[in-house]
Amino acid sequence: FFDEDAVNSVYLDNGYLFFELTPVEISVEDDTIDFEMRIREGEQARINEVIITGNTKTNEHVARREIWTKPGDLFSKSDLIRSVRELASLGHFDPEQIEPNPIPNQSDGSVDVEYKLIERANDQLEVSGGYGAGMLIFTAGIRFSNFSVRRIFDPKAWRPVPSGDGQTLSLRAQTNGQFYQSYNFSFIEPWLG
């Protein structure tokens, strides 16, 4: 049994984007067919340019730091798949609509890799109330998952808050009015250091 995808993956993971695999039937006897696999490797393709499109709110450097396909590296299908997985895990883009698009240039043996992204909303607003132990408890909170501290002093960036750097800002308050009050503030920079 021959698994063509396994052979394709081995070659594509080692930069052979332009290889040709031709199965040739050698002989047929009774219930047996012999195949010969003829492979023309061609040149190994190097990545020329990595293009990111569709990131209207999120800054390009946030997506670029998750990408494993870098200019100058050999093309690798595994790195392409890993890049898509990393971009999806950010939560800023619709994972079902992330499209990696290799654009081969056979004349110079290079390939451009384009990542087509579609932003999605991932901020959260929480308002809740409850009753327990003879008291009414009220909770309110807001979480901005694509916050940008470096744009905090830019008046044009406040729509409703500065965004685009992949940081998380969260504010939450809980009270029963008279006996209990709790205020929480958190800030997360996923790439600190």
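For the stretch 135-149, putting each phi into the Karplus relation 6.51 cos²θ - 1.76 cosθ + 1.60 with θ = phi - 60° gives couplings of 10, 9, 10, 10, 10, 9, x, 9, 9, 9, 8, 9, 6, 9, 5 Hz, in residue order, rounded to whole numbers and with x for Gly and Pro.
Qualifying trypsin sites (Lys or Arg not before Pro) in the stretch 35-75, where qualification requires a DSSP coil assignment and no more than 15 other C-beta atoms within 10 Å, comprise LYS57, ARG65. In the chain, taking the dipole from charged Cβ atoms about the Cα centre, the farthest positive-side position among ILE47, ALA173, VAL28 is held by ALA173.
Lysine pairs in the chain 8 or more apart or on different chains: how many have alpha carbons under 25 angstrom apart? For the chain, qualifying lysine pairs total 5.
By the Kirkwood approach, averaging reciprocal distances over each pair of separate Cα atoms, the stretch 108-193 gets a hydrodynamic radius of 16.0 Å. Please check: in the Gaussian network model of the chain (C-alpha springs, under 10 Å), which one of GLY134, GLY15, GLY109 has the largest mean-square fluctuation. With Cα springs under 10 Å in the chain, the top fluctuation among GLY134, GLY15, GLY109 is at GLY134.
If the Kirkwood radius is taken over C-alpha pairs of the stretch 1-74, then at 4 °C and 1.567 mPa s the Stokes-Einstein diffusion coefficient equals 83 µm²/s. Once the Cα atoms are used to define both axes, helix 77-90 deviates from the longest principal axis of the chain by about 10 degrees. Taking every alpha-carbon pair under 8 Å whose residues sit at least 6 apart, the chain reaches a relative contact order of 15 percent. Length gained on full extension, VAL127 to TYR180, computed as 0.36 nm times the residue gap minus the Cα-Cα distance: 17.4 nm.
Comparing THR69, LEU90, SER148 along the charge dipole axis of the chain, the residue lying farthest to the positive side is SER148, per the Cβ-charge model. When all alpha-carbon pairs of the stretch 5-154 are counted, what percent fall beyond 29 Å? The answer is 44 percent, as a whole percent. Please report, as a whole percent, how much of the solvent-accessible surface of the chain comes from carbon and sulfur atoms (probe radius 1.4 Å). Here it works out to 52 percent.
Loop-resident chymotrypsin sites (Phe, Trp or Tyr not before Pro) (DSSP state other than H, G, I, E or B) in the stretch 1-97 with no more than 13 further Cβ atoms inside 10 Å of their Cβ: PHE1, PHE2.
The figure for ASP108 is an accessible area of roughly 100 square angstrom, using a 1.4 Å probe on the protein chains alone. For the chain, the Cβ-based charge dipole about the Cα centre amounts to some 2100 debye (Lys, Arg positive; Asp, Glu negative; other atoms uncharged).
The values are calculated or read from the model by the stated rules, or taken from the named source; none is laboratory data. Please read these numbers as outputs of a predicted model, since none were measured by experiment. Counting neighbours? That spans all protein chains shown, and the Cβs are built from the backbone with ideal geometry, glycine included. Only protein heavy atoms, including side chains, enter the accessible area calculation; ligands, DNA and RNA are left aside. Shrake-Rupley method; radii C 1.70, N 1.55, O 1.52, S 1.80 Å.
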